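Note sheet for the following structure.
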Amino acid sequence: MVTEKSAIFIIFGGSGDLAHRKLYPSLFRLYKSGFLKDHFAVIGTARRPWSDDYFRETVITSLKDYFDDDEEIMQGFAKHFFYQSHDVNDSEHYIALKNLAAKLDDQFEAGHNRVYYMAIAPRFFGTVAEHINSEGLKTDGYNRLVIEKPFGRDLDSACELNGNISKAFPENDIYRIDHYLGKKMVQDIPNIRATNAKFEEALNNKYVSNIQVTLAEAIGVEDRGGYYETAGVLRDMVQNHIMQIIGAIASDAPEAKEADVIHKNKCDLFGSLKEMTPEQVDKDFVRGQYDTDKLGNEKAYRQEDKVAEDSNIETYTAGKLEFDSKRWSGVPFYVRSGKRMPGKASRIDIVFNSNVTELGIKANTVVTLLIERTDNHSILINGIDYKESGQDFIKFPEEGDFDNAREAYESLIIDILSGDRVHFTLWDELRSTWKYIDTVEERWADQQPDFPNYISGTMGPDAAEMLLERDGNSWIWD
């Protein structure tokens, strides 16, 4: 049974692409399902001098890109939306925002609950958080601050950002979004482990040869060239998404399902990341940048809009991670992510060794967890749907619900409204992953790469294959 939630959403950056492409469609789904109904309102803020009516028109227009619903339903939803032109540095604007939120709280009986959503550039996060606190926007209900990535661009900037935010909001009220943590397969990994005892027993260095995480895209950077020039795929995909996926599959099973226990195990895992020397970075990490395709029809990265003609930013990376822990010592975790690869793939490949026969599992079995479902499959065993593989040591606990899974942002917004922090990133986790990634970035900064070094539509640089071959392994998705 759906329980209606009550809150005033204040979306900083309410006129932007993220809000219209992800947040408003997700809120609309919650409206249609009954999670949001009568007791909520959305205040969009940005510098643009929009009226409420114009703002509502933009919301409805964005919904029509995703839904075929009756115009009357969309109009009813849009009546909950209000707009305020806003300068993030102007204290008077926050006072006006506080007054509007209080008025809407009374009008919609929203229970004095506030969700402050940062859909703005990260450089403004600290400023907005400090003003929310200093100008008295917080209420006697809950006050939850939601932050989009990137959370810093290295450890120092992340520490500075976290320090600014922490002055205004306690850690328990900060929800750092990683949309991969809203995807059904990632959320269900703990259930898969808990309901498949033999599979869980095999997840350690006695039985696992290696684990691979692949997040590949067929598209290029498209209109994100300016962002990519400041980030690159290592910061954009590995430091957050891939690390969190590893946290789901490799952290110790929690003794209880409470968020604090689950996050402690993830923090312990990331804290055991094996430190690398500069020479080990050269050996264990590969970077690449896409060229045009074989026919010259696709743009090379350096030809994309807002990209420097001599850019050294990577659009592909592959790496070998290791952990200094009793459970995973000696097991390589191979990760890769790239643009302009042969297809889209989001998957975890767990390669077992011959010892696994002790558990009644065939030697050298490969279990694939598909984060993005492929051909209606969610789990593969040796490339075949697990139901047809002839092995019964793993199954999906809620297979029938996969087709009806919520969109990632929809799922995460429900968690925010419910106060469930399991599927969000804690500061201690970020600190460990940034420290690790900084080692790679600092080494790369001292070197001149030979870019571009892979053709669009291919599997990336040849060095990515050699990374595994020298260990006697190979990529499963190839």
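Every number in this text was worked out from the coordinates using simple rules, so none of it is lab data. Values in this document were obtained by computation on a predicted structure and should not be read as measured data. When we count neighbours, we look across all protein chains shown, and the Cβ atoms used for this are built from the backbone with ideal geometry, even at glycine.
Packing around the peptides 208-216, 445-453, taken as the average count of other Cβ atoms within 10 Å per residue, puts them in this order, highest first: 208-216, 445-453. On the basis of the beta-carbon distance and an R0 of 35 Å, residue 265 and residue 469 show a calculated FRET efficiency of 0.60. Which of these values of Cα extents along the principal axes in Å was calculated from the structure shown: (1) 69, 65, 44; (2) 65, 53, 43; (3) 87, 42, 41? Looking at Cα extents along the principal axes in Å for this model, the match is (2). Pop the C-beta distance of residue 2 and residue 107 into the FRET formula with R0 = 25 Å and round what comes out to the nearest 0.05. According to the calculation, E is roughly 0.65.
Peptides 278-286, 139-147, 456-464, ordered by how many other C-beta atoms sit within 10 Å of their residues on average, highest first, read 456-464, 139-147, 278-286. For region 260-335, the number of Lys pairs separated by eight or more positions or lying on different chains, with C-alpha atoms closer than 28 Å, is 13.
Each Cα pair under 8 Å and six or more residues apart adds its separation to the average, and for region 7-148 the resulting relative contact order is 32 percent. Among 365-372, 182-189, sorting by the average number of other beta carbon atoms lying within 10 angstrom of each residue, highest first, gives 182-189, 365-372. Averaging Cα coordinates gives a centre for region 18-91 and one for region 188-259; these two points are 32 Å apart.
The alpha-carbon of residue 79 sits under 18 angstrom from the alpha-carbons of these lysines, leaving out residues fewer than 8 places away in its chain: 5, 32, 37, 64, 103.
Take every DSSP beta bridge whose two residues both sit in the chain; close to 50 percent of them are antiparallel. FRET efficiency for the pair residue 90 and residue 167, taken as 1/(1 + (r/R0)^6) with r the Cβ-Cβ distance and R0 = 30 Å, rounds to 0.95.
The charge dipole of region 175-284, taken about its Cα centre with unit charges on the Cβ atoms of Lys, Arg (+1), Asp and Glu (-1) only, comes to about 320 debye. This ranking places 67, 81 by how few other beta-carbon atoms lie within 10 Å of each, fewest first, which gives 67, 81. Within the shell of other residues whose beta carbon sits under 9 angstrom from the beta carbon of residue 411, the net charge comes to 0, with Lys and Arg scored +1 and Asp and Glu -1.
Each of 3, 195, 439, 425 was scored by other Cβ atoms within 10 Å of its Cβ. Listed from fewest to most, they are 3, 195, 439, 425. Projecting the Cα atoms of 445, 44, 377 onto the dipole axis of the chain, where Lys and Arg carry +1 and Asp and Glu carry -1 at the beta carbon, places 377 farthest toward the positive end. The aspartates and glutamates whose alpha-carbon is closer than 19 Å to the alpha-carbon of residue 395, local same-chain residues fewer than 8 away aside, are 188, 200, 201, 349, 372, 375, 385, 403. The dipole here belongs to the chain: it is taken about the Cα centre, uses +1 on the Cβ of Lys and Arg and -1 on the Cβ of Asp and Glu, and is about 480 debye.
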